[in-house]
Amino acid sequence: MSGPNTGRDALVGDLVALGLGRNEAQAYLALLEDDTGRGLTGYEVAARSSVPRSAVYAVLRGLEEAGAAFAYGQEPQRFTATAPEKWIERLRRDALARMSEAERSLQSLPKRNRPEPIWILSRYDDVMARIDSMIRGAEKSLCLSLWPRELDLLRPAIEAVAGRYLHRVLHSPARVESLPAGFCPWIDDVTGDETKAQWSHKALVVIDRREALIGGTEPGADNHAVWTTNPSLVDVATNHVILDITLMARATGRDCVGDVAPLMRPHLA
């Protein structure tokens, strides 16, 4: 059962993930909730949060160093929160600058041949979370082969990239009630086919021809799904979807060239 502090606990968790300590997160929220327009003293921050009074000034100094708050005045000194959007933007700029610096430093190391990583995902929630993340990172193309149940769970991610210019292909072994916008749909129908209707759910997802997920999508099962950037396995996943679409096109007389050609390697398209 959700308690009254569930929402606040989630906010604290989000702030901790951004680099604040737990007490700093509590103090920042207390400052944000202040509606006096005058800021809060250290004593008031401690009284309005779970931060111990003995530690509150050290916590507030930590918020200042993080750019999440600033102090003004004297006797007593007051503290006010930096507007969340401004603080988040500062964090974003700082993180990008650090990543760029790390990238430059790492590029100076000697190059070595390394195998492409392959990850195994077994839990249904982990498989779906990985597909969600893959979709949200798409820059050129979305190639999805999913059952309607999984497609419905992934609609928030699909909608999140709706405004991007992407080649979008959707294959599903069963009828989809509401097709997501912008996709070239290739939809089969298991109605009347009892054997096919009982197939276990699987997913084939290829993003930008750079990463793929292949495997089961069954709740409560050991799905053994593979997520990889290995070019050979990415090609296997892509070609499997292309084959399914090609067979459907042959059976229905529908032209599939415009849908599958952008998914192929340049020398094959």
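The values are calculated or read from the model by the stated rules, or taken from the named source; none is laboratory data. As the structure is a computational prediction, the values presented were derived from the model and not from experiment. Please note: Cβ atoms are built from the backbone with ideal geometry, for glycine as well, and neighbour counts cover all protein chains shown.
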Determine, yes or no, whether S172 is modelled with pLDDT under 95, touching a strand residue (DSSP E or B) at 6+ places or on another chain (Cβ under 6 Å) and surrounded by 13 or more Cβ atoms within 10 Å (Cβ to Cβ).
yes
Scanning region 38-65 residue by residue, the ones that are among the small types (G, A, S), surrounded by fewer than 19 Cβ atoms within 10 Å (Cβ to Cβ) and within 27 Å of R92 (Cα to Cα) total 2
List, please: which pairs have Cβ atoms under 8 Å, are six or more places apart or on different chains, and start with a residue in region 10-35 that is among the β-branched types (V, I, T) and end with one that is at pLDDT below 95 and surrounded by 21 or more Cβ atoms within 10 Å (Cβ to Cβ)?
V12/A25; V12/Q26; V16/A25
Looking at region 92-101, can you tell me whether even one residue there is part of a helix (DSSP H, G or I) and closer than 15 Å to L31 by Cα?
no
Filtering strands (runs of 3 or more DSSP E) wholly in region 153-247 for at least 2 residues that are touching a residue at least 12 places away in the same chain (Cβ under 8 Å) and farther than 18 Å from M128 by Cβ gives 167-172, 184-187
Could you check region 102-131 and list, in sequence order, the residues that are hydrophobic (A, V, I, L, M, F, W, C) and assigned to a loop (DSSP other than H, G, I, E, B)?
L109
